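Read-outs throughout are calculated quantities, based only on the coordinates presented, and are distinct from any laboratory measurement. Quick caveat: nothing in here was measured; it's all calculated off a predicted structure. Using ideal geometry, Cβ is built from the backbone for each residue, glycine included, and neighbour counts are taken over all protein chains shown.
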Amino acid sequence: MKAALQQHAAVLREAGLDWLFVAKTLLAMFVTVWLAMRMDLQQPATAMMTVAILSHPHSGMVLAKGFYRALGTLVGCLAAVVLVSLFPQQRLLLLAGMALWIGLCAGGAAFYRNFMSYGFVLAGYTVGIVVLPVVNQPQLLFESAMMRGSEVLLGIVVVGIISDVLFPQRLGTVLRQSVASQFSGFMGFVSGSLGGVLDRSQLEKAHMRFVADTVQLENLRASVVFEDSGIRVHSPRLQRLNQHFMAVSTSYQSLHHLMNRLQGEAGRPVRDHLMGLCDRLARAIGEHTGSDAGQVAALEARLAALRPELGQAVTRLRQRLAGEDRATRLDFDTGAELLERVTLELHDYVAAFAVLTGHRRPPLLQRHEQVVFSAGNDALGAVLSGVRVATVLLIMGVFWIVSAWPHGGTAMLLTAIFSGLFASAPNPGAIVRNITGGFAVGMSLAFVCLFFVLNRMDGFGLMVAGIVPFLLPGLYLMARPWRPGLGMGWVLGFTYILNLHNGMSFDPVYFINEALSQMAGVLVVGVMFSLFGNASSNQWLRERLLGRLREQVVRAATAPLAGLKARFESASRDLMMQMVVHGGAGDRRFLGWALAVNETGRALIEVRERLATLPAPQPDVEAAVQALARLYQAPSDSRYRLAVQRLSWALDACHDRYVLAQLHLLRLALLDRNSVLADCVASDVVVLPEVSLAP
């Protein structure tokens, strides 16, 4: 009974938050319209649309989007002035320049994919909303730029104030909950899996969950800094916490891979010893899933005490195995080094979390300790997005000029707005199809509202009363996205064609012509994204993302070591998340490559960092590192054989225990028949069977 009541309460609370979002958005839209009319701005509908585009349940998102949109608007107005000054009497060249600028901005939005993309989007289509209305009257350009810029900025300011002041839903609360959930979830996962079985499919699912947690935390951190000064101060520590999480999750998965790769009966003594060491770590963690300060402090103290104890136990077991063959000793040394690394990184992760819980004073961060989340941006994919948008706008511009379509400017403007808005979306074709349906519904309702309701009413209050019933369903669909884009299309279609302003006109012929041109612009965008979509619908682009993921191993083997570990961990996860949002979550081949890249790249970095401290060069080890880099750059049977051979030679030539452990781990990863690299294995190459983690 109690559980049922809690469930009903949660449903009611969620519904209440949805309607709160609807009410705040309506208030922001009509306050903006009222202010725009009082200021005698030409197109209050532009400010109203800005509010609709910026609206979000969380105030931090609104402020972050608004900040970059304001910058983009100012840059777009300046670009419009420059373009018209360059081609004042040459409409074709002006439209070509505008198409190239919007395409460049669309490429920037696709490249960055974060809140900076909003700035690129606005810098792009602001040129359209400034230039197109006065393309035949360039002398009115400055007035158009001032008006359009003022309308957009008014919408940004109003929606930002209302979202942040009136019953705000703080993104900082979501961030704190996400940090606590990440910590408790990972500690529970480690505690529950140290003595159990994790096959490859379970590791893949765990890795996907860890990647999603990492990217979500970084996105939230980048947004919260606009609304919460306290979190803004702790932003570097949040980045450090996320880096510790990535490092320990990679090491822990490598430990499980190693345990699974040890051969059956021949590896049982080593597995038993390693499981005994794992049991020590499991006892130190206990069944810890809490995140309050007292529990975290106690856990940190236990992990700190475990590290020397674990080192002594490893030394005793290593002496006991001194008489065994070299392969057995290598298996044990590799597992012991991984477990000690997991313990160290787990302690660092817990300590970083303990600082955020405030149970002790945080240490000062040194300059070399500052880390950033390195995104795996794809320059070629961004260029293709920009070329796609610019080409469509050029075609639309030429068609407008050749056909002398009176409402062609409206169609081109809608093409510019929607192609820019969704250039960086994971699946823009699907979103624009939903947008198109919502847009058609919104325009149909606007016809009813304009010619059967508003023409019978007088005054601002009655205007609001007449419009609200038509906007409510669309705003509710925005709050509860049953089909992403449907609600947004509904609201944008309704507000744009309604075109509220001080001197309203009721001309059905003009309305229908404008509606047809607007639908034509939206349909062109839909066709463009359907024919030339992103990686969600383009196998070549998806394979390119996979290639860029493998390139992270090349960077791990060749890039400068300073900050390399942080860049590798974050970039590989960002690329994996891109693949997930582009529909690669169910692709086992991709998931296999993601695990292989993480394990191999991290081991290569560990080898290179150790080599940098050794007094004498190790040419055989360096050759093995480069052979692995070439294998991941372009996998083939010949490169696979060369990598195995180079690793074997390096194992024979090197005498440093830590380097040997990493090389042995890399060799076992290559010889794993369940790894994605097995596709490169010829039938006459011996591979290792998968072994259960259970003792």
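A few points about this structure:
- Exposure proxy order (Cβ contacts within 10 Å, fewest to most) of VAL296, VAL157: VAL157, VAL296
- Axis angle, to the nearest 10 degrees, between helix 141-165 and the longest C-alpha principal axis of the chain: 60 degrees.
- Packing-based ranking, highest mean first, of 141-150, 403-412 given that Cβ atoms within 10 Å are counted: 141-150, 403-412
- Size of charge dipole - the chain - debye, nearest 20, with Cβ of Lys, Arg +1 and Asp, Glu -1, no other charges: 360
- Assigned charges on the beta-carbon of Lys, Arg, Asp, Glu; region 135-261 dipole about Cα centre (debye): 500
- Compared with the dominant Cα axis of the chain, that is its longest principal axis, helix 657-670 is turned about 60°.
- Proximal aspartates and glutamates relative to LYS205, as straight alpha-carbon distance under 14 Å, when same-chain residues fewer than 8 apart are discounted: ASP213, ASP587
- Between helix 460-479 and the chain there is an angle of about 20 degrees, using the helix long axis and the longest principal axis of the Cα atoms.
- Farthest towards the positive end of the charge dipole of the chain, among the residues PRO428, ALA594, THR495, is the Cα of ALA594, using unit charges on the Cβ of Lys, Arg, Asp and Glu.
- Using a Förster distance of 56 Å, the FRET efficiency for MET37-SER638 (Cβ separation, nearest 0.05): 0.15
- Dipole of the chain [Lys/Arg +1, Asp/Glu -1 at C-beta], most positive-end residue of GLN312, ALA99, LEU666: GLN312
- Peptides 35-44, 515-524 ranked from most to least packed, by the mean per-residue count of other Cβ atoms within 10 Å: 515-524, 35-44.
- Neighbour-count order for ILE467, ILE102, fewest beta carbons within 10 angstrom listed first: ILE467, ILE102
- Ranked list, fewest to most other Cβ atoms within 10 Å of each Cβ, for PHE21, PHE418: PHE21, PHE418
- Straight-line cross-link reach from LYS24 at under 18 Å between alpha-carbon atoms covers these aspartates and glutamates, not counting any fewer than eight positions away in the same chain: GLU14, ASP164, GLU227.
- Peptide packing: for 184-190, 214-220, the average count of neighbouring Cβ atoms within 10 Å per residue gives the ranking 214-220, 184-190, highest mean first.
- Debye log10 I(q)/I(0) for region 440-502, one point scatterer per Cα, at q = 0.23 Å⁻¹: -0.89
- Computed from label points 7 Å out along Cα-Cβ, the spacing between ALA327 and ASN674 is 1.9 nm.
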